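Read through the structure below, which is laid out as structure tokens, and then see the notes.
The values are calculated or read from the model by the stated rules, or taken from the named source; none is laboratory data. In this text the structure is predicted, and so the values were computed from the model without any measurement. Every residue, glycine among them, receives a Cβ derived from its backbone with ideal geometry; neighbour counts consider all protein chains shown. Note: accessible area is taken over every heavy atom of the protein model, side chains too, but ligands, DNA and RNA are not part of it. Shrake-Rupley method; radii C 1.70, N 1.55, O 1.52, S 1.80 Å.
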Amino acid sequence: MTIQVAKLSDPAVRAFVTAVNAHDRDAFEAVLAPGATMSDDGSDRDLADWTEREIFSSHGHMDVDNESNGGRSLIARYNNDTWGEMKTKWTFTVDDGGRITRFETGQA
């Protein structure tokens, strides 16, 4: 069963998922701390390049099925125009100011 985005526990993660699903690049960038990093399937990636390719130009969308670790770990069905739908895991590191400093994703 999908968790409504508005009910996700962690405010930064909730803002991240909201921005992804709205394809709102400004809101997405606002939730990231300066110098934020990410990895996909265990390999560090260039954040700007990856998000352009996997989220914005390919219409990425997250349907969250489960959250844990205070809302900073998600299992989601991720869909985009390039890969279709896949079950994914997401883990977020959030700083004291409520901004995401790192996220890790990959197939679940």
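A quick yes/no check of all residues on (1) in contact with a Cys (Cβ under 9 Å, 6 or more places away or on another chain); (2) of a type outside the set (A, V, I, L, M, F, W, C); (3) farther than 14 Å from PHE16 by Cβ:
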site	(1), (2), (3)
MET38	no, no, no
GLY42	no, yes, yes
ARG45	no, yes, yes
ALA48	no, no, yes
THR51	no, yes, no
SER57	no, yes, yes
ASN66	no, yes, yes
ASN69	no, yes, yes
SER73	no, yes, no
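Restricting segment 1-53 to residues that are open to solvent by 80 Å² or more (accessible area, probe 1.4 Å) and touching a residue at least 60 places away in the same chain (Cβ under 8 Å), which is farthest from THR91 (Cα to Cα)?
Going through the qualifying residues, I end up with MET1.
Of all residues in segment 54-76, count the ones that are free of Cβ contacts under 8 Å to residues at least 60 places away in the same chain and part of a strand (DSSP E or B).
The qualifying residues number 6.
Restricting the search to segment 45-64, which residues are farther than 17 Å from ALA15 by Cα and either within 10 Å of the chain's Cα centre (by Cα) or charged (D, E, K, R) (or both)?
ARG45, ASP46, ASP49, GLU52, ARG53, GLU54
Part of a loop (DSSP other than H, G, I, E, B) and β-branched (Val, Ile, Thr): which single residue out of THR51, THR2, THR88 fits that description?
The unique qualifying residue is THR2.
Being assigned to a helix (DSSP H, G or I) and more than 12 Å from the chain's Cα centre (by Cα) is the filter here; which residues of segment 6-15 pass it?
Passing the criteria: ALA6, LYS7, PRO11.
Return the residues of segment 58-76 that are of a type outside the set (A, V, I, L, M) and open to solvent by less than 70 Å² (accessible area, probe 1.4 Å); say none if nothing qualifies.
Those that are of a type outside the set (A, V, I, L, M) and open to solvent by less than 70 Å² (accessible area, probe 1.4 Å): SER58, GLY60, HIS61, ASP63, ASP65, GLU67, SER68, GLY70, GLY71, SER73.
Keeping to segment 16-42, report how many residues are touching a Lys or Arg at 6+ places or on another chain (Cβ under 9 Å) and part of a helix (DSSP H, G or I).
Selection size over segment 16-42: 3.
Please go through segment 91-108 and give me each residue that is open to solvent by 60 Å² or more (accessible area, probe 1.4 Å) and in a loop (DSSP other than H, G, I, E, B), ordered by number.
Scanning segment 91-108 gives ASP96, GLY97, ARG99, ALA108.
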